[in-house]
Every structure is written in structure tokens, then in C-alpha cells.
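Participant: Below are the C-alpha cells for one structure; questions will follow.
The values are calculated or read from the model by the stated rules, or taken from the named source; none is laboratory data. Just so it is clear, the structure is predicted and the values come from calculations on it, not from any experiment. Here Cβ is always computed from backbone atoms with ideal geometry, including for glycine, and neighbour counts include all displayed protein chains.
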Protein chains: 2
Amino acid sequence: MSIVVVGSIGYDTVETQFGRVDEALGGSASFFSVAARFFSPVSMVAVVGKDFRDEHLKFFAERAIDIRGLVQREGETFRWHGRYHEDMNQRDTLHLALNVFADFMPELLPDQCRADFLFLANISPQLQQRVLSQMKSPKVVAADTMDHWINTERTALLKMLPRVDILTLNDQEARLLAQEHNLVRAGRAILKMGPDTVLVKRGEYGVLQFSQESMFAVPAYPLEEVVDPTGAGDTFAGGFMGYIARHGKITESVLRTAVVYGSVMGSFVVERFSLDRLADLSWEEIDARYRAFIELTDSHHSRWISQ
Amino acid sequence: MSIVVVGSIGYDTVETQFGRVDEALGGSASFFSVAARFFSPVSMVAVVGKDFRDEHLKFFAERAIDIRGLVQREGETFRWHGRYHEDMNQRDTLHLALNVFADFMPELLPDQCRADFLFLANISPQLQQRVLSQMKSPKVVAADTMDHWINTERTALLKMLPRVDILTLNDQEARLLAQEHNLVRAGRAILKMGPDTVLVKRGEYGVLQFSQESMFAVPAYPLEEVVDPTGAGDTFAGGFMGYIARHGKITESVLRTAVVYGSVMGSFVVERFSLDRLADLSWEEIDARYRAFIELTDSHHSRWISQ
């Protein structure tokens, strides 16, 4: 079943200890869509400027990502320039220009309004609410947010959360939203704000999933080389939502497997700059890493028990 | 089968945001022994001063921990006074007095020399080597170390590592020892220094186990309240080695289950100050949390698959 994603598309300049990439395709909607497309049809809602390059429209189109909702406006595409520290959990933003994204007013196409699966990437809670109000009766709504919105649009965010099934955010943001340092209590507090499931992203330390009846913890797949962490969270969300949409419904088993597939997709994207690693990724590679991931985290049975 | 542990016994004064405890029983050998004793017989090698209190000898004896190798010398017992930040990964040492521990020269009893399982807690590599030279033919030798020894006694440490089956250390120490920032490469580099298994302790983020053929990652059990992290690593090691000794041999399956039991024991000890939580812990509680831990990390089957 098809997923509608509403988010950003931009050109990123990224510096890490492994090199630099200039004006590479980025943005939450880009990472999400390319990852989710391995599992399910995806339909984008996003805005770009007149400088958006044909090769990138082609990049999406070649993957059969629906870009009818990708609006091109007068002005320039969103730009971000960041530099990561050796500790890649830290980065500095050297330059940020919202450009056409500053006036982004998402309008869904009629068929997008009827989609079963919606991912609201990291845009303002007011815009997220605006999208929600256009949807007929989505089966699963997932949303991402960040410290900026928690600090500046807390009321709008709290108003939107009851309409969200799944909220994704990182550990610092979970603490900030819940106003609680302990992550378990923070996760439970956020559940009370509305979502049925809260996914706390902890970067290289993996993901903690909170739902009413259970907790689920997965480590990140340990990598020998992380070249560029940009987009890891949105790529995780893409794999996660893609898997859920493919299955058509949420059960605890589907959620857990979705978290693993999300982690698998996230582990690929950081191996190279921008979307480079996802661009030539094969199903065989995804499947092999999924199995490696299961083996990595298998604490009690399967192949080991027979030894 | 019996485990010999060589390490420290001390009196800890600990301050956290949840309160303070003065002159509480601590030290690596204490935490290790009490945790391991749930799984296997334990025999201590340690030194205390004349001020060591009878109630604490009784505490060990009541748990049938063999204290024949606990030597009492003229002088005072090891003292440590620490204060944890709100972020409990950070702490300041306010006072440290090695006292009788400064001249610790471990001498094993004849039956201890014949033990199958040895845990060398965090003492100098030279002392660890001294203990190893007294052992006849241990089946499994595990050792802990820390940044201080890596920085000041690197040569002695590297000389000892080929005689160690399992090395435990934290993530920063693994990076320091391997001189490699990436943790996967660091773990593999340490394997080449001698140990068959390297356990990288990541505190609230769990444990990464490296062996020649596989990696295993477990998260820490997410707790609503961490009162005092002191001794978590040694308690982890106690549960880990206790489980291995109980099984008598190492297989991948035993190692992985041992890591989970170690994590379970570590998750209990931090719930209260000092050894308080381990003191009245029951097998039923350990078993229940073991099952909760398996459920927490179960990414692919068991009870969820049937939904």
C-alpha cells in the first residue's frame, strides 16, 4: 500500500573526517522516500526551487517514487551546510537557507488524501496538522519532530500528538518533550500525550520502542566506517514505514520487524555520502544485513542453541 | 564449578541525585562475588584493613562466598568517595585512599590455583600477571582493565592479554587500547592482541561482544530509576562469569546467555546504593527480569509471531 511523505528536499554540503560532498541531494523526504521505496510505493509532498536539477527528478522517477506532489516554485531549493566532528554525534551547521521551503504549504493531491499510510517528516507541527486535516482516514500516521519545534511550538505539537499513531524523535528530544531525564519515564510520558508507539532514536546506540504494553530495544548495526550520518533518522523511518505499509497493518511483531528493517536501512545510508549508498543498494544486500542483524541481536536461540 | 576472583574490597561514599551513602561495602571483588554467587561457588582473593567490619565478613559468609583468601592487614581498608552528575555517565572522585590495597600482593591458596575459572578484576596488569603465574591450568580466564593501566602499563597489559580468554572494558577504554576511534575496528584490533572474546561495556547502552566469528549486541535493560551506578561493570562480570562457570564451558550460545545474565545482574545493582539491591535479590526476580530482557530484545519470533 502507498505511503504519503511530507517533508523537505534540499541540497546538502557535508563535511566529515572522510571527505566532503557539495550540493548533494538531501532532505527528509528524499531519504525517507528512497528507503521506503524498497518496501512499498511512495508518494511525495515537497517543494523545490527552480534550481532543482533534472537529474534528481530523474533519480526519484527511476525508482518509481511518485513526484506529482513535488512542487517547483520560483526561488532556490533548501540548502544546508554541516560539518561533523570526529565524534559524529556532534555537528555544526555552517550555513542554512530555507529558501522556497520557508513558505512550504503542503497541498495533497486527491488520491494522496485517501492514502492509508502517512509520514510527517520533521516540519512544523502546524504544517503537520494542516496535512492531517487534509487526510480522509489514514490507517497509520507517523510523525517526526525535533528540539526546535518542542521549544517553540509546544502547544501545536501537543495538539497534534493525539492524531499520531507513531512518533519518532531522538533521546534528547524525548527528554525535552517529556521534561524528564530518565528515558523510560520520558517514553511512557510521551505515550500519554497520544501516540500508540514512541520510537526513540539513539543514533549509534540504536532504537528504543515504547508502546502501551511493551518495550523493545535494538542496538544499531555496528559499522566499521560511518562516512556521513546525514539522513540516518529519515532513512530509518523510511525502512520502518515501508515495512509497515507492505504488511498493511500494525501488530507488535510487524512493529518490531519494521524497527529492524529501519535500522538496516539506516546502517546502509551512513556508509557513504548523501544518498549514494541507497542509490545502488540491492534487495540481496538488505536481506543479508537483515539476517546479520538478527544474528547480531539473537540472545537466546536459533543457530546458536544447537552448538 | 568454582570461580576465583582477584580484586578490591573497599568502603565507598557515594553521592547521586537520589541521595548519599557513607562507607558502604564496595570494591570490584565484592560486587563480582555477590553477583556470581547466584550462579556458582566463588572464592575471593582480596585485602582489607583492620577496620573492616565483621558485619561485612558475615555478609559474604552468609552467601557462602569463600573468604579464606580475604587477607586482613595492618592499616585501613581502601576508601573511595565519588559524586555522580545528573548524567550518571559522569562522576567526580572527591577522595581516594588505596590504604592496604596499595601493597596488595595476591597469593592464591593451593586449591585456588587449581580453579577452572578466574576473574582478574581491575588491578594492575603486573598483579594480574602475577596471579596468572600461580594458576595451574584454568579453563577460562577473564580480565577487566581501565584507562589508567592502558596509559601507564601498556606493555605489561599487552604481555598479559594473550593469556586471557575474555577481556572486559568500556568503550572509551577499548578505543584507547586499540588506538582506534571506530568501535568495531577497535574490538577486532583487541581480539588480535590475544583474547578470544572482547566485551565492550557501554553503560546505559549495553554491551558489544566481539569474538573471532561473530558480534553480539545487547542493549542495557531500560530502568525507570538508576540510583547508583557504582559496581555495575563488576556486577555484570559476576553474572557473566557465574553463568559460564555454571555451564562449565564456553560456546557461542553460553557466551550470549552469559552476557544477558550479566546485563540482568547489572540492571539490579544500580537500582539501589552499594550492594543493597543484590543483598535481598531472589532467583525469582532474576528469572523474571531475564525473561523480560529476552522479550525486550526479541526482534523476530517467540510470542510476537503468533499475533
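Participant: Of all residues being more than 10 Å from chain A (Cβ to nearest Cβ) and at pLDDT below 95 in the range B:212-232, which is surrounded by the most Cβ atoms within 10 Å (Cβ to Cβ)? Just the residue, please. Quick ask: steps written out before the conclusion?
Facilitator: First pass over the range B:212-232, keeping only residues more than 10 Å from chain A (Cβ to nearest Cβ): B:212-213, B:227-232.
Add one more test, that the residue is at pLDDT below 95, and what stays is B:212-213.
Values: B:Gln212: 9, B:Glu213: 6.
Out of the qualifying residues, it is B:Gln212.
Participant: Would it be correct to say that A:Asn151 is out of contact with any Lys or Arg (no Cβ under 7 Å at 6 or more places or on another chain) and modelled with pLDDT under 95? Break it down into steps so the answer makes sense when it comes.
Facilitator: Working: out of contact with any Lys or Arg (no Cβ under 7 Å at 6 or more places or on another chain): yes; modelled with pLDDT under 95: no.
The answer is no for A:Asn151.
Participant: Give the residues of the range B:233-262 that are more than 10 Å from chain A (Cβ to nearest Cβ) and surrounded by fewer than 24 Cβ atoms within 10 Å (Cβ to Cβ), sorted by residue number.
Facilitator: Scanning the range B:233-262 gives B:Tyr243, B:Arg246, B:His247, B:Gly248, B:Lys249, B:Ile250.
Participant: Would it be correct to say that A:Ile166 is buried (at least 23 other Cβ atoms within 10 Å of the Cβ), at pLDDT 95 or above and touching a helix residue (DSSP H, G or I) at 6+ places or on another chain (Cβ under 6 Å)?
Facilitator: Details: buried (at least 23 other Cβ atoms within 10 Å of the Cβ): yes; at pLDDT 95 or above: yes; touching a helix residue (DSSP H, G or I) at 6+ places or on another chain (Cβ under 6 Å): no.
Considered against the rule, which asks whether it is buried (at least 23 other Cβ atoms within 10 Å of the Cβ), at pLDDT 95 or above and touching a helix residue (DSSP H, G or I) at 6+ places or on another chain (Cβ under 6 Å), A:Ile166 comes out as no.
Participant: Between a first residue in the range A:270-298 that is away from every other protein chain (no Cβ under 14 Å) and a second residue that is of a type in the set (D, E, K, R) and surrounded by fewer than 18 Cβ atoms within 10 Å (Cβ to Cβ), which pairs have beta carbons less than 6 Å apart while being 6 or more apart in sequence or on different chains?
Facilitator: A:Arg277/A:Glu271
Participant: Does any residue of the range B:49-57 turn out to be under 20 Å from the mean Cα position of the chain (by Cα), loosely packed, with under 14 Cβ neighbours inside 10 Å, more than 30 Å from A:His181 (Cβ to Cβ) and not basic (Lys, Arg)?
Facilitator: Scanning the range B:49-57, I find no residue that is under 20 Å from the mean Cα position of the chain (by Cα), loosely packed, with under 14 Cβ neighbours inside 10 Å, more than 30 Å from A:His181 (Cβ to Cβ) and not basic (Lys, Arg), so the answer is no.
Participant: So, one more: Assuming A:Thr155 fulfils every condition listed in (1) under 18 Å from A:Ala29 (Cα atoms); (2) out of contact with any strand residue (DSSP E or B) (no Cβ under 7 Å at 6 or more places or on another chain) apart from one, which condition is it?
Facilitator: (1)
Participant: What number of residues in the range B:176-203 are surrounded by fewer than 20 Cβ atoms within 10 Å (Cβ to Cβ), among the charged types (D, E, K, R) and within 14 Å of another protein chain (Cβ to nearest Cβ)? Explain how you work it out, then say what you get.
Facilitator: Going residue by residue through the range B:176-203, those that are surrounded by fewer than 20 Cβ atoms within 10 Å (Cβ to Cβ) are B:176, B:179-182, B:184-185, B:188-189, B:191-194, B:196, B:203.
Within this subset, residues satisfying the condition of being among the charged types (D, E, K, R) are B:180, B:185, B:188, B:192, B:196.
Cutting the leftovers down to within 14 Å of another protein chain (Cβ to nearest Cβ) gives us B:180, B:185, B:188.
Qualifying residue count for the region: 3.
Participant: If you don't mind, there's one more thing I want to ask. Inspect all residues belonging to the range A:73-83 and state whether any of them is within 30 Å of A:Arg246 (Cβ to Cβ) and either more than 14 Å from chain B (Cβ to nearest Cβ) or assigned to a strand (DSSP E or B) (or both).
Facilitator: Here is the first cut: in the range A:73-83, the ones within 30 Å of A:Arg246 (Cβ to Cβ) are A:78.
Remaining after also requiring either more than 14 Å from chain B (Cβ to nearest Cβ) or assigned to a strand (DSSP E or B) (or both): A:78.
Yes.
Participant: Separate question: For A:Leu208, work out the one condition from (1) more than 11 Å from every other protein chain (Cβ to nearest Cβ); (2) buried (at least 24 other Cβ atoms within 10 Å of the Cβ); (3) not aromatic (Phe, Trp, Tyr) it doesn't fulfil.
Facilitator: (1)
Participant: Regarding the range B:60-70, can at least one residue be identified that is under 19 Å from B:Tyr11 (Cα atoms) and in a strand (DSSP E or B)?
Facilitator: Taking every residue of the range B:60-70 in turn, at least one turns out to be under 19 Å from B:Tyr11 (Cα atoms) and in a strand (DSSP E or B).
Participant: Oh, and also: Could you tell me which of the residues A:Val45, A:Val5 is buried (at least 24 other Cβ atoms within 10 Å of the Cβ) and in contact with a Pro (Cβ under 6 Å, 6 or more places away or on another chain)? First the steps, then the outcome.
Facilitator: Working: A:Val5 fails: in contact with a Pro (Cβ under 6 Å, 6 or more places away or on another chain).
Testing whether each residue is buried (at least 24 other Cβ atoms within 10 Å of the Cβ) and in contact with a Pro (Cβ under 6 Å, 6 or more places away or on another chain) leaves just A:Val45.
Participant: Here is a follow-up. From A:Phe78, A:Phe119, which residue is closer than 26 Å to A:Arg175 by Cα and among the aromatic types (Phe, Trp, Tyr)?
Facilitator: Details: A:Phe78 fails: closer than 26 Å to A:Arg175 by Cα.
Sole residue among the options that is closer than 26 Å to A:Arg175 by Cα and among the aromatic types (Phe, Trp, Tyr): A:Phe119.
Participant: Residue check, B:Met88 against (1) more than 14 Å from every other protein chain (Cβ to nearest Cβ); (2) part of a loop (DSSP other than H, G, I, E, B); (3) surrounded by 15 or more Cβ atoms within 10 Å (Cβ to Cβ), all met but one. Which one?
Facilitator: Of (1) more than 14 Å from every other protein chain (Cβ to nearest Cβ); (2) part of a loop (DSSP other than H, G, I, E, B); (3) surrounded by 15 or more Cβ atoms within 10 Å (Cβ to Cβ), only one is false for B:Met88: (1).
Participant: If you don't mind, another one. Could you pull out the residue among A:Ala61, A:Ala121, A:Ala97 that is within 18 Å of the chain's Cα centre (by Cα) and modelled with pLDDT of 95 or more?
Facilitator: Details: A:Ala61 fails: within 18 Å of the chain's Cα centre (by Cα); A:Ala97 fails: within 18 Å of the chain's Cα centre (by Cα).
Of A:Ala61, A:Ala121, A:Ala97, the one residue that is within 18 Å of the chain's Cα centre (by Cα) and modelled with pLDDT of 95 or more is A:Ala121.
Participant: Related question: When you scan the range B:196-257 for strands (runs of 3 or more DSSP E) that lie fully inside it, which ones turn up with 2 or more residues that are under 15 Å from the mean Cα position of the chain (by Cα), closer than 27 Å to B:Asp12 by Cβ and not β-branched (Val, Ile, Thr)? I'd like the intermediate steps shown before the answer.
Facilitator: Values: elements: B:197-201, B:207-211, B:215-218.
Because the criterion is at least 2 residues that are under 15 Å from the mean Cα position of the chain (by Cα), closer than 27 Å to B:Asp12 by Cβ and not β-branched (Val, Ile, Thr), the strands (runs of 3 or more DSSP E) in the range B:196-257 that meet it are B:197-201.
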